[in-house]
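Right, one structure below, let's go through it.
The values are calculated or read from the model by the stated rules, or taken from the named source; none is laboratory data. The shown structure was predicted, so the numbers you read here are calculated from the model rather than taken from an experiment. Cβ atoms come from the backbone with ideal geometry, glycine included; neighbour counts cover every protein chain shown. These area figures cover heavy atoms from the full protein model, side chains too; ligands, DNA and RNA do not enter into them. Shrake-Rupley method; radii C 1.70, N 1.55, O 1.52, S 1.80 Å.
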Amino acid sequence: MIVVLHAYSRGNAGDGLLIDEALALLERLGTPADRVRVVAHDADSFSDLPDVIGAHAQGGGMGRRVLGAAALLSGLAHPVRTAIDEAEALLAVGGGFLRSGRWEEGARTMLAHGGQLRAAAAAARRGVPALYLPASIGPLRGPAGRLLRRWLLDIPSVFVRDDRSLGLLPHACRFPDLALLRLARAGVAPAEPRQDGPVLVAARSLPGRSGYSDALRSLFQASAGRGDLLPVAQACVGSNNDDRAFWASTGLTQGSVPTLGDALTATRPAVVVSVRLHGAVQALLAGVPAIHLSYERKGPAAFSDLGLERWLHSARNFDPVRVRAQVDALKSDPEPYWGQVHRALPRLRAEAARLDASAARALRLPAAAVPGREGFSV
């Protein structure tokens with residue numbers, strides 16, 4: 001049995017995508033889903049999978065969950081520790097969950113993920129194969145950060161998706177985000193351009209004070225005469241991941257807010273403007289050009305890997321007039337955008353093959369067959 005660690009919730013489409021990509025990797029390496037156990041924060045959201053256990057104690061409210069997380073972190077008996085101890089190999093999903101900047105962030109990370117990482121590090125020291133898939137790691141400040149770094153150094157294979165993370169760990173290896181490698185494997189089929197199509201705006205709450213919310217309102221004001229902006233939600237779970245609650249707080253919505261996935265299918269949009277990276281990649285997978293308003297290092301890294309830096313902006317201080325102008329340009333002629341994506345695909349395909357080969361070595365599994373050019377669509 002291979003145990004997949006650090007899953008969060010399918011209520012966040014990006015996190016669900018990363019779990020699906022981890023399972024697809026194992027499938028390519030000869031391990032089907034019925035030989036995989038997933039450890040998830042929101043286990044109920046992964047009811048489609050054959051074997052899922054909760055990362056913390058289930059039921060009994062938040063207090064019991066915190067006590068369960070503390071028990072796992074402190075090394076006491078816990079179902080997750082038992083699963084890790086019995087595993088043939090350990091695979092951690094990608095993402096951005098291992099960070100300790102302010103002490104509050106470090107405490108949250110230790111409770112949510114520290115116990116799994118500590119147990120995985122102990123297993124790795126006993127010789128159990130362990131691999132952490134491409135993630136953004138850090139900052140690693142304070143006591144919590146020092147512990148996280150110590151345990152990460154015990155994990156023999158750690159993949160990261162940005163250069164700042166690469167500088168934190170001497171044994172880390174840089175790969176593109178798993179969502180980009182999925183795009184490379186699936187290929188890109190641009191949808192028929194629709195100048196009259198809506199513009200989907202996938203936004204979320206951001207920590208700290210900035211001009212983000214005001215700029216977002218200005219973007220809607222600059223588009224008022226067109227009436228083509230449609231708010232959508234990519235994540236609807238947890239206090240910090242409820243995009244619908246964020247939209248309600250802005251006063252920019254009336255009625256229900258559809259999910260990005262549903263809107264991509266139902267509305268045939270012309271462009272997507274997304275604050276979440278995986279929302280932008282989800283749009284590309286659907287053949288819709290995306291502008292990314294980035295708030296973390298993963299965004300610049302991914303859009304650089306795609307050659308799309310021109311359509312990348314800082315979420316905290318973007319120019320709404322410039323973003324609106326780019327939306328109009330993409331509506332009129334998306335070919336320069338797709339040309340950049342297609343030029344990036346060969347390198348991303350090579351990276352996808354490299355990741356599969358590296359994962360096979362790290363997990364001591366048979367290498368995946370490397371498809372030829374005919375194995376990929378463009």
*What size of dipole, in debye to the nearest 20, comes out for segment 233-333 about its Cα centre when the only charges are +1 on Lys and Arg C-beta atoms and -1 on Asp and Glu C-beta atoms?*
100 debye
_Probe 1.4 Å, accessible area per residue of segment 60-161, Å²_ = 41 Å²
*For the pair residue 322 and residue 268, what calculated FRET efficiency results from E = 1/(1 + (r/R0)^6), where r is the Cβ-Cβ distance and R0 = 30 Å, to the nearest 0.05?*
0.75
*Percent antiparallel among DSSP beta bridges (both partners in segment 219-378, rounded to 5)*: 10 percent
*Scan around residue 233 for amide H atoms under 5 Å from its own, H built in the peptide plane at 1.01 Å from N, and keep only partners 5 or more places away or cross-chain.*
259, 260
_Inter-site label distance for residue 217 and residue 150 at 7 Å from Cα along Cβ, in nm_ = 4.8 nm
*asked:* Per 0.36 nm of contour for each residue apart, how much would the distance between residue 297 and residue 171 grow if the chain were fully extended, relative to their Cα-Cα spacing?
replied: 43.4 nm
*GNM on the chain, C-alpha springs below 10 Å: top fluctuator among 282, 116, 221?*
221
_Residue-averaged 222 nm ellipticity for the chain, from DSSP H runs of 4+ at -39500 (n - 2.57), nearest 500_ = -13500 deg cm²/dmol
*Tally up the carbon and sulfur contribution to the accessible surface of the chain as a whole percent, 1.4 Å probe, everything protein left in place.*
52 percent
*Amide H neighbours of residue 187 under 5 Å, at least 5 residues apart or on other chains, H built in the peptide plane: list them.*
377
*So in the chain, what percent of DSSP beta bridges are antiparallel if you round to the nearest 5?*
5 percent
*Would you mind working out the accessible area per residue for segment 1-55, using a 1.4 Å probe, and quoting it in Å²?*
33 Å²
*Whose amide H sits under 5 Å from the amide H of residue 157, counting only residues 5 or more places off or on another chain, with H placed in the peptide plane?*
130, 132
